[in-house]
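Trainee: One structure follows; several queries about it will come next.
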4 protein chains.
Amino acid sequence: MCGICGVAGVANAAELVYLGLYALQHRGQESGGIVALDPSGRVHGHRGMGLVQEVFPPSVLQQLPGDVAVGHTRYSTTGSSVLANAQPGLVNYHGGPLALAHNGNLTNARELRDDLVRKGSIFRSSSDSEVLVHLIARSEAREPEDQILDALERVEGAYTLLLTIGRTVYAIVDPRGFRPLALGALRGGYVAASETCALDSLGAPLVRELQPGEWLKIEDGRIVDLPRLPRKESRRCVFELIYFSRPDSVVFGESVDRVRRALGRELAREHPAPGGDCVFSVPDSSNAMALGFAETSGLKLEHGLIRNHYVGRTFINPGQGARDAKVRIKFNPVLTPPRGRS
Amino acid sequence: MCGICGVAGVANAAELVYLGLYALQHRGQESGGIVALDPSGRVHGHRGMGLVQEVFPPSVLQQLPGDVAVGHTRYSTTGSSVLANAQPGLVNYHGGPLALAHNGNLTNARELRDDLVRKGSIFRSSSDSEVLVHLIARSEAREPEDQILDALERVEGAYTLLLTIGRTVYAIVDPRGFRPLALGALRGGYVAASETCALDSLGAPLVRELQPGEWLKIEDGRIVDLPRLPRKESRRCVFELIYFSRPDSVVFGESVDRVRRALGRELAREHPAPGGDCVFSVPDSSNAMALGFAETSGLKLEHGLIRNHYVGRTFINPGQGARDAKVRIKFNPVLTPPRGRS
Amino acid sequence: MCGICGVAGVANAAELVYLGLYALQHRGQESGGIVALDPSGRVHGHRGMGLVQEVFPPSVLQQLPGDVAVGHTRYSTTGSSVLANAQPGLVNYHGGPLALAHNGNLTNARELRDDLVRKGSIFRSSSDSEVLVHLIARSEAREPEDQILDALERVEGAYTLLLTIGRTVYAIVDPRGFRPLALGALRGGYVAASETCALDSLGAPLVRELQPGEWLKIEDGRIVDLPRLPRKESRRCVFELIYFSRPDSVVFGESVDRVRRALGRELAREHPAPGGDCVFSVPDSSNAMALGFAETSGLKLEHGLIRNHYVGRTFINPGQGARDAKVRIKFNPVLTPPRGRS
Amino acid sequence: MCGICGVAGVANAAELVYLGLYALQHRGQESGGIVALDPSGRVHGHRGMGLVQEVFPPSVLQQLPGDVAVGHTRYSTTGSSVLANAQPGLVNYHGGPLALAHNGNLTNARELRDDLVRKGSIFRSSSDSEVLVHLIARSEAREPEDQILDALERVEGAYTLLLTIGRTVYAIVDPRGFRPLALGALRGGYVAASETCALDSLGAPLVRELQPGEWLKIEDGRIVDLPRLPRKESRRCVFELIYFSRPDSVVFGESVDRVRRALGRELAREHPAPGGDCVFSVPDSSNAMALGFAETSGLKLEHGLIRNHYVGRTFINPGQGARDAKVRIKFNPVLTPPRGRS
């Protein structure tokens, strides 16, 4: 799980991507990065370990001018937790500067990588996303779209991509559509992001979600739809709806909150708790489900646990029962008796 | 509003105070500080601007050895937002090293300060807490308790204090009891903190809350109760219950959650919303009140707004409608229709 | 040994003091500090551990506006090496903001401090300079000059001071004149500094060196001479000429280079080295002496050791013969045979 | 101009390389880097902008375990001053991990790079050293030595290299021998460095300087000489002797100090200064030349300028005559009259 966001055709694009990543922070807290392109085509990039607000203080954002930008916030799945694996990857290849923000995992990355290394390609990161960049760079096609297609033909697995070649932004969802990508309209330009909550935070109306296999480019302020990738069976990731995405997002055409509410109701039907006193959530992931369970079961909804808002990279002395302490500083039971007499 | 926490008679006291401050972070995010005393009486202190987890990385905590420590997390009320105003204040006076952590505001600080300055006292901070330290240092009494009493006799206003003189910790609540202070038992020693949620996070059972005008000292691992300060009319601050404290805390003898639930029920009685569709909170301050309102009104409880967990010191370009943007990145409406059909 | 520098009546005074301290860096590398006063009388200060160029990056200097400034670079003699001991000390007393930069040691600081503490004064540092500040603050005189005289009457030892009260700068040399202080003219205003090399680096012509017991104030752009302090026997510190000061400085009316040259000639007369091959210095302290020795002895001057320019806070693993390594990385012998003709 | 240093077969190799780079700091102050290999073959690297002592605090050095290490200190000649250009470059190619430290400039780097990019190679830096790495990675030879030879056959210009493939260190001097490289014996292993002063600082006796076209590998603690590169006319860079190298080094078989002394004598013969008062150097580059000039001319040697030891990245307000100020803070004239007798 990672978050990606790109803006094209709007002044101060990096600042907008930054706010978009901010809304997507729950999708990855390990590292953040933004690459911006100014009108002359010059590239400005910055990546760092940590939360978006730590990686991008104002002094850094001001050094990322331009009206085109793509950004990434990383949750480590493959590759180790080091700066080299932070995205967007930025390279120069024969087509010019290329930046890539990738959400997903390639299932054949190992074989492709071994093959590329055998042919003399040099890898700097352990991230599977770098394979895509090498495949594009080694394509013998002349047009960027064809180079991208050459690369996509060879990879298997999940890839939702925001990719810049020169000042053109490509937004791509793999044929199975594992991960979401939403397109919004923003001040005469466009924004693409992993979830609609990022569009909302920018005040950008949703244009549409990209469907499995759909890709497009944003060039000179206009959207150009590109021929659908070869069809495969759709494989929407159910954890986007159950756990990953924010409840205020629309993902795969569904309100995440509504889906979770329905799951809670279904749970109440399949596993009722007849003698129960009340229903409460472990905040905040299961808030909506608890509401749904309460609706259907008729049990009273309560707040049973309070979550500390400031929990982050907290130091806990391992000698002091670290695991217990970690839970205790994150959650604390509310003392109100369940039936709530006052 | 500030948060204070002290530990006496437990190894690694600074780490425990750190965890306690962590649970009190909602009471102040401007600065944090801890002063620790080791068994030989040596003093170790550190203060910094920012959140507790930023001010105290492991490398800093490890330099604060000792079994006695007091800490503070500051929300700026008087004095400007600078390191000089971070607490605990630490000084050497004729009684030895003295550290002071203060929650409250002194109403006659200006006059006392002017008087002290006229007599040759030198102030380093603009915080009103420094007045207390000077008053203690200038007392002609011989015993620390008498010096403290000399000082307290002269100040007006709110002061909940954790104060160390040598290795003795004093816990003090002013005669009107504006701010809370809870005492807990911890591994053979004691912990005092602004709210019981800090005790909970340390696994420390509540001994009691200090009453208005109550003070005590913790010395050689034992509690010594001191004669009650002169009685005045109690003036518990109602905002502790309404807004400041965490709902999982017990404050002034009441469960904060229960009080807020009752406020919501009362609101539903006084200002019912007969044609309303649903009730929802602005998370998280009014979560409990919304629950109470829903109980009494019979309206359905919903989640109407999602709060971004990562909002902190975010940079927003003032030219981009900063105030609107600040709200948008903090809260986003959930799209589920209020009556929740799926 | 420390370095002090002050500027009055010149725009961007802090930047000039910074350059002056830079030229005085050899007098102390532990910490640096500058206090600046802007035309409205507001005080701006910054202190830090390390070299002047580390403590004052441009971003910090830009936050020190004003046409009056005093600065200090510290070499630890009394007091431990901590930020609290960095100077200039800056306090608010009944006469307004007071900043003090002190070069020297007070021999009765301990007794004065104990007495002040007994009377309720609070000390933040272990530096003996803080005693002076308390004595001024506790003076019952009404005029700043009289308050300063009250304080100076009580201290014994070495004190060369630059002191600001409000926007007035006081330059003071103790009656024995242990440490040097030079006054220069700078763009319509004035500069005072420990050595003339600092004046040279600012392009400021020397007005005069202050004599033992001399003090003056610079106010509204003019110098006001103040009545000489009570006379005592002069005690110029000979190490200023032998070791501390830079050879390009004039100190106590003498060219440091010329004095060291004369010392080398005298050494050659008192301790000739008749069978010697050559003379060489341990760079750079004894460069001038080696030249003088060669002149008088007739022996040839050589370069025998090369000094690494980048030696600073270098990490050397203690297990690797740290002391030997430290010498080896600082100095390396030149391989040229002494008679050196090729 | 850059400095390179490598150690093989000695515990804590990174610390020794660090001390070696320290002695070579005059060859480049822009950035520093070290790559270390531990006995299991794992690679540990760190690079940063600034002086060696800034880039490698103890906490960083401790994370570079191993008995093989190569390091680099950079003076920017080609490529911009950014971290991406800091060396040693570290990559994974089909032969394993490869680290490269390069002193020199390739004259056909542009064409080689364009060709490689056309073939799908991706460049991360603008440094010409990266070309070498790609050429090695793309070689179809099976043995590392043959891969290196394939690469060297294609490049033109100056390259003195320390290169690791796996745990083997290669030391290479191009056929024209533009830049120096010295080999020393160190605690049962070996050290190679740009200048002998680095060997001296480690207490490592000189084994020999590598001749133009000479290369060797250090493997399993032994040196293996490799067949000389194809001969070309030698092109030793005279600036190594005149300006770049430290006077205590032996470079191209000559004592740098002795060469400079001879240059001073020759200058006195070709351009005598018959009516001159004295001779003095601009410290420290021309110290030896001034001594030689004085010897032959019979003029007296003096110290005319004092150099500030602390000059580094000093901030000077551009509005204050920055160039003049920069000279003034670096050099100040000594006031002793040239004939200097007092």
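The values are calculated or read from the model by the stated rules, or taken from the named source; none is laboratory data. Everything numeric in this text was worked out from a predicted model, so none of it was measured. All Cβ positions, glycine included, derive from the backbone under ideal geometry; neighbour counts span all protein chains shown. Areas reflect the complete protein model, heavy atoms only, side chains present, ligands, DNA and RNA absent. Shrake-Rupley method; radii C 1.70, N 1.55, O 1.52, S 1.80 Å.
Trainee: Kindly provide the set of residues from the stretch B:131-149 that are away from chain C (no Cβ under 11 Å) and open to solvent by 10 Å² or more (accessible area, probe 1.4 Å), ordered by number.
Mentor: B:141, B:142, B:143, B:144, B:145, B:146, B:149
Trainee: Counting just the residues of the stretch A:1-39 that are away from every other protein chain (no Cβ under 11 Å) and among the acidic types (Asp, Glu), which one comes out nearest to residue B:310 (Cα to Cα)?
Mentor: A:30
Trainee: Can you run down the residue pairs with Cβ atoms below 9 Å, 6 or more apart or on separate chains, where the first is in the stretch C:316-336 and more than 8 Å from every other protein chain (Cβ to nearest Cβ) and over 19 Å from residue D:251 (Cβ atoms) and the partner is open to solvent by 40 Å² or more (accessible area, probe 1.4 Å) and modelled with pLDDT under 75?
Mentor: Hits for this filter: C:326/C:311; C:330/C:311.
Trainee: What is the number of the single condition among (1) more than 26 Å from residue D:332 (Cα to Cα); (2) without any contact (Cβ under 8 Å) to a residue 24 or more places away in the chain; (3) of a type outside the set (D, E, K, R) that residue C:166 does not meet?
Mentor: (2)
Trainee: Pairs under 7 Å by beta carbon, first residue more than 8 Å from every other protein chain (Cβ to nearest Cβ) and within 14 Å of residue B:122 (Cα to Cα) in the stretch C:110-127, partner crowded, with 20+ Cβ neighbours inside 10 Å and of a type outside the set (Gly, Ala, Ser), six or more apart or different chains?
Mentor: Hits for this filter: C:116/C:131; C:116/C:134; C:125/C:85.
Trainee: In the stretch D:150-206, how many residues are of a type in the set (A, V, I, L, M) and farther than 20 Å from residue D:240 by Cα?
Mentor: 11
Trainee: Given (1) charged (D, E, K, R); (2) under 17 Å from the mean Cα position of the chain (by Cα); (3) not in a loop (DSSP other than H, G, I, E, B), where does residue D:217 come up short, assuming only one miss?
Mentor: Result: residue D:217 passes all but (2).
Trainee: Filter the stretch A:289-305 for residues that are part of a helix (DSSP H, G or I) and open to solvent by 30 Å² or more (accessible area, probe 1.4 Å) and give the result.
Mentor: A:289, A:295, A:296, A:297
Trainee: Looking at A:85, A:92, can you tell me which residue is over 22 Å from residue A:23 (Cβ atoms) and in contact (Cβ under 8 Å) with a residue 40 or more places away in the chain?
Mentor: Sole residue among the options that is over 22 Å from residue A:23 (Cβ atoms) and in contact (Cβ under 8 Å) with a residue 40 or more places away in the chain: A:85.
Trainee: Given the structure, is residue B:160 open to solvent by less than 10 Å² (accessible area, probe 1.4 Å) and closer than 24 Å to residue B:31 by Cα?
Mentor: yes
Trainee: Follow-up question, since we're still on this one. Taking the condition open to solvent by 20 Å² or more (accessible area, probe 1.4 Å), more than 10 Å from every other protein chain (Cβ to nearest Cβ) and farther than 18 Å from residue D:229 by Cβ, does residue D:90 pass?
Mentor: no
Trainee: Specify which of the listed residues (D:238, D:259) is facing another protein chain (nearest Cβ under 9 Å) and either under 22 Å from the mean Cα position of the chain (by Cα) or open to solvent by less than 70 Å² (accessible area, probe 1.4 Å) (or both).
Mentor: On inspection, the qualifying residue turns out to be D:259.
Trainee: How many residues does the stretch D:228-279 contain that are farther than 12 Å from residue D:292 by Cβ, in a loop (DSSP other than H, G, I, E, B) and either in contact (Cβ under 8 Å) with a residue 40 or more places away in the chain or not hydrophobic (A, V, I, L, M, F, W, C) (or both)?
Mentor: 22
Trainee: Could you tell me which numbered condition residue D:42 fails, if it satisfies all but one of (1) within 13 Å of chain A (Cβ to nearest Cβ); (2) under 26 Å from residue A:137 (Cβ atoms)?
Mentor: (2)
Trainee: State all residues of the stretch C:320-342 that are at pLDDT 60 or above and either open to solvent by 50 Å² or more (accessible area, probe 1.4 Å) or β-branched (Val, Ile, Thr) (or both); if no residue qualifies, say none.
Mentor: Passing the criteria: C:323, C:324, C:326, C:327, C:328, C:329, C:330, C:333, C:334, C:335.
Trainee: Taking the stretch B:268-288 on its own, how many of its residues are open to solvent by 40 Å² or more (accessible area, probe 1.4 Å), within 28 Å of the chain's Cα centre (by Cα) and more than 8 Å from chain A (Cβ to nearest Cβ)?
Mentor: Going through the stretch B:268-288 one residue at a time, the tally reaches 2.
Trainee: For residue A:243, only one of the following conditions fails: (1) aromatic (Phe, Trp, Tyr); (2) in the same structural domain as residue A:38 (by TED's automatic domain parsing); (3) open to solvent by 40 Å² or more (accessible area, probe 1.4 Å). What is its number?
Mentor: Failing condition for residue A:243: (2).
Trainee: Return a yes/no flag: does the stretch A:165-179 have any residue that is more than 14 Å from chain B (Cβ to nearest Cβ), buried (at least 22 other Cβ atoms within 10 Å of the Cβ) and at positive phi.
Mentor: yes
Trainee: Which fully enclosed strands (runs of 3 or more DSSP E) of the stretch B:1-62 have 1 or more residues being in contact (Cβ under 8 Å) with a residue 60 or more places away in the chain and surrounded by 21 or more Cβ atoms within 10 Å (Cβ to Cβ)?
Mentor: Strands (runs of 3 or more DSSP E) meeting the threshold: B:2-8, B:31-37.
Trainee: Being within 16 Å of residue A:161 (Cα to Cα) and of a type outside the set (D, E, K, R) is the filter here; which residues of the stretch A:185-195 pass it?
Mentor: Those that are within 16 Å of residue A:161 (Cα to Cα) and of a type outside the set (D, E, K, R): A:190, A:191, A:192, A:193, A:194.
Trainee: Additional query: Answer with yes or no whether residue D:249 is under 27 Å from residue D:159 (Cα atoms), outside the structural domain of residue D:17 (by TED's automatic domain parsing) and modelled with pLDDT under 95.
Mentor: For residue D:249, the condition - under 27 Å from residue D:159 (Cα atoms), outside the structural domain of residue D:17 (by TED's automatic domain parsing) and modelled with pLDDT under 95 - is not met.
Trainee: Here is a further query. For the list (1) within 17 Å of residue A:286 (Cα to Cα); (2) touching a Cys at 6+ places or on another chain (Cβ under 6 Å); (3) in a helix (DSSP H, G or I), I need the number of the one condition that residue A:198 fails.
Mentor: Among (1) within 17 Å of residue A:286 (Cα to Cα); (2) touching a Cys at 6+ places or on another chain (Cβ under 6 Å); (3) in a helix (DSSP H, G or I), the lone unmet condition for residue A:198 is (1).
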